[in-house]
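Read-outs: derived from the displayed coordinates by stated rules, not from any lab. Values in this document were obtained by computation on a predicted structure and should not be read as measured data. Every residue, glycine as well, gets a Cβ built from its backbone with ideal geometry; the counts of neighbours run over all protein chains shown.
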Amino acid sequence: MVGLEFQRFYNISTQISKDLAYTIQKGIVLTIMEQSAVYVSLEFTPNPNTLKYSVNRKLIEKGAANFLKKQDAEARSPLAYKLLNVAGIGGVMIGKDFVTITKTEEGDWDHVHKTASEMLEKHLTDGEPVLVGELLESLSSQNATEIEKKIQVVLDEHIRPAVARDGGDVSLERFADGVAYLSMQGACSGCPSSAMTLKMGIETKLREIVPEVIEVVAV
């Protein structure tokens, strides 16, 4: 009798262990699935022709990659190349954890938004590459002058993080005769408030930290 009770207890304990193991395993699988899911959230920018899509993935280490032509994106960014083939999309900028989409004048936001968001989510879910090769800065640090290096540091530490929140980016093209020539990209390009940002924000900060800078001009 004692043997039968022990056997019954052993069977029940074994089943409970199996159920517990399955539950834990299932929980781990679900947790991994939740962590691996790609989330794309839409954010409006000050530029009426540009939308920002934030993602829960690191797309590039730093800076931004800007693409306006399909032929430029074809060899450098499979993601940008796909997006630029969508009717109505005229520009794609890839940031650290976001992508900004700029539509053409003829583009329809309903079509552009639906297609771009679905394409972005699928591309990242499938694990396809965002960029091919290293990100090339507009001005190579090897060729930069000491003043240009100082300007670049100010842009990287004070300016670019701020404009990135609005889906934009700023890079130094060159410095000559007291003038810093900057490239405004993403939501900053063609934005109605970009002129104010350039003069009141960027120029003021650069002149404060780098006294050699007299003026800032967008190119």
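Results, tabulated for the structure shown:
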{"quantity": "Total residues in region 162-212, condition in a loop (DSSP other than H, G, I, E, B) and either within 21 Å of Lys150 (Cβ to Cβ) or not hydrophobic (A, V, I, L, M, F, W, C) (or both)", "calculated": "12"}
{"quantity": "Every pair of residues 6+ apart whose Cβ atoms lie under 8 Å, when the first sits in region 157-181 and is touching a residue at least 12 places away in the same chain (Cβ under 8 Å) and under 13 Å from Leu198 (Cα atoms) while the second is surrounded by 14 or more Cβ atoms within 10 Å (Cβ to Cβ) and of a type in the set (Phe, Trp, Tyr)", "calculated": "Leu172/Tyr181; Tyr181/Phe175"}
{"quantity": "Any chance Ala187 is closer than 21 Å to Phe67 by Cβ and in contact with a strand residue (DSSP E or B) (Cβ under 6 Å, 6 or more places away or on another chain)", "calculated": "yes"}
{"quantity": "Where Ala116 falls short, out of the listed (1) surrounded by fewer than 21 Cβ atoms within 10 Å (Cβ to Cβ); (2) within 20 Å of Asp72 (Cβ to Cβ)", "calculated": "(1)"}
{"quantity": "Residue list for region 170-206, restricted to those being in contact with a helix residue (DSSP H, G or I) (Cβ under 6 Å, 6 or more places away or on another chain) and closer than 17 Å to Ile94 by Cα", "calculated": "Val170, Met184, Cys188"}
{"quantity": "Criterion (among the small types (Gly, Ala, Ser) and under 30 Å from Glu212 (Cα atoms)) met by exactly one of Ala80, Ala144, Ala87", "calculated": "Ala144"}
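Yes/no matrix, rows are residues, columns are (1) under 24 Å from the mean Cα position of the chain (by Cα); (2) closer than 26 Å to Leu83 by Cα:
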{"site": "Asp126", "(1), (2)": "yes, yes"}
{"site": "Val154", "(1), (2)": "yes, no"}
{"site": "His158", "(1), (2)": "yes, no"}
{"site": "Ala176", "(1), (2)": "no, no"}
{"site": "Ser189", "(1), (2)": "yes, yes"}
{"site": "Thr197", "(1), (2)": "yes, no"}
{"site": "Ile202", "(1), (2)": "yes, no"}
